[in-house]
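Each value in this text was obtained by applying a stated rule to the coordinates, not by laboratory testing. Computed from a prediction, not measured in an experiment: that's the story for all the values here. All Cβ positions, glycine included, derive from the backbone under ideal geometry; neighbour counts span all protein chains shown.
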Amino acid sequence: MRIPTNSNFSKELQKKLQRIINPQTTLEELQNLQDEMKMINPVDTHLLNQVSQLKGNGHEQSKKMFQMQEQYDKSILKKKVLLKQLLKVEQKTKKLAWELHQVKYHQPTL
């Protein structure tokens, strides 16, 4: 990826390089720059460690995802079974209601 020349990063980098290359730069300024770099390096190494841990745990994450998928599939299956049972119960209640209606209003009384 190319960094545009007019970006803030390019400008800041150019300023720092000019400070380093400039013959009038004092030793103290160079040491300050070096200290800034020392503060940046631990952050970089920490980020690299985090990335390597994530890459190393890839197999564990895929196992967890597989287990979660199995649990999800089981719960979906249970829901489908419960819905079928509910539909059967609803059909039976409609059938009984219809039979009750037939007996109540359409059957001759003795």
Sequence-distant lysines (8 or more away, or on other chains) whose Cα lies within less than 26 Å of Lys15: Lys38
Contour excess over end-to-end distance, with Cα ends at Asp73 and Gln85 and 0.36 nm allotted per residue: 2.5 nm
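For Glu12 and Val51, FRET efficiency with R0 = 35 Å and r from the beta-carbon atoms, rounded to 0.05? Write out the running numbers ahead of the final one.
On the way: r = 25 Å, r/R0 = 0.71.
E(calc), rounded to 0.05, equals 0.90.
So, counting K/R as plus one and D/E as minus one, what does the shell of residues with Cβ under 12 Å around Lys80 add up to? Walk me through the numbers on the way to the answer.
On the way: positive: Lys74, Lys78, Lys79, Lys84; negative: Asp73.
Summing Lys and Arg as +1 and Asp and Glu as -1 gives +3.
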Pull up the cross-link candidates among the lysines for Lys74, meaning alpha carbon to alpha carbon under 25 Å and not fewer than 8 places away within one chain. Lys63, Lys64, Lys84, Lys88
